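Here is the structure we will look at, set down as structure tokens.
Here, each number is a calculation from the coordinates, and none is a lab measurement. Note that the structure is a prediction, hence the values are computed from the model and not measured. Counting neighbours? That spans all protein chains shown, and the Cβs are built from the backbone with ideal geometry, glycine included.
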């Protein structure tokens, strides 16, 4: 019996494709809204950055990486600061 690779990518199904498209759409809309708000309330970005220690990865086991999730958020905030 062969072992399953815990790092193997899931099969690309229609459901996975649809989820990825939803994620991209939500990310676009949210980023646009945050950019708009940050232009009017730049202190909001400080608040968001201060909240990052409370952000965590909902994955379990070896897939969980809280710091990786926080780093993605930091990059978003950095980009928002550059555009504000």
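Worth pointing out:
- Cα pair count fraction exceeding 15 Å, expressed as % - the chain: 70
- R0 of 25 Å, Cβ-Cβ distance residue 68-residue 41: FRET efficiency to nearest 0.05: 0.35
- By other beta-carbon atoms within 10 Å, ranking 57, 5 with the fewest at the front produces 5, 57.
- Simple spin-label estimate for residue 33 and residue 55 gives 1.6 nm between the two label positions (7 Å along the Cα-to-Cβ direction from each Cα).
- Computed helical MRE - 222 nm, the chain, DSSP H runs ≥ 4 contributing -39500 (n - 2.57), nearest 500: -22000 deg cm²/dmol
- Region 1-48 and region 58-82 have Cα centres spaced 10 Å apart.
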